[in-house]
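Derivation of every value follows stated rules applied to the coordinates shown; laboratory data play no part. Given the structure is predicted, the values throughout are model-derived calculations rather than measurements. Note: ideal-geometry Cβ built from the backbone for every residue, glycine included; neighbour counts use all protein chains shown.
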């Protein structure tokens, strides 16, 4: 069982900003290329531990970061869990 999530972004600028904000705040995770089974605007996503989901949503909201979707990785991708603004 995979205990990670992937946060996708509409643009490369948003993904890079996420990386910068997370590094400054000491948040765990890293930018990765988005697997082909997921549709993402820029092709980059932030991968982190599943247990960090709610904290990451709060963090991104506080930082005014826009995200496209949050996916749970479980062998084959499980599916979209939450979109920005939902």
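Collect the residues in segment 12-39 that are on the phi < 0 side of the Ramachandran plot and in contact with a helix residue (DSSP H, G or I) (Cβ under 9 Å, 6 or more places away or on another chain), keeping them in residue-number order.
In the first step, residues of segment 12-39 are kept if they are on the phi < 0 side of the Ramachandran plot; the result is 12-25, 27-28, 30-39.
Listed by number, the residues that qualify are 18, 21, 22, 25, 27, 28, 30, 31.
Applying the selection to segment 4-37, what residues are closer than 15 Å to residue 71 by Cβ, in a loop (DSSP other than H, G, I, E, B) and in contact with a strand residue (DSSP E or B) (Cβ under 6 Å, 6 or more places away or on another chain)? Within segment 4-37, 29, 34, 37 meet the criteria. Scanning segment 16-42 for residues that are touching a residue at least 40 places away in the same chain (Cβ under 8 Å) and surrounded by fewer than 11 Cβ atoms within 10 Å (Cβ to Cβ) yields one hit, 37. Going through (1) part of a helix (DSSP H, G or I); (2) surrounded by 12 or more Cβ atoms within 10 Å (Cβ to Cβ); (3) out of contact with any strand residue (DSSP E or B) (no Cβ under 7 Å at 6 or more places or on another chain) one by one, residue 65 falls short only on (1).
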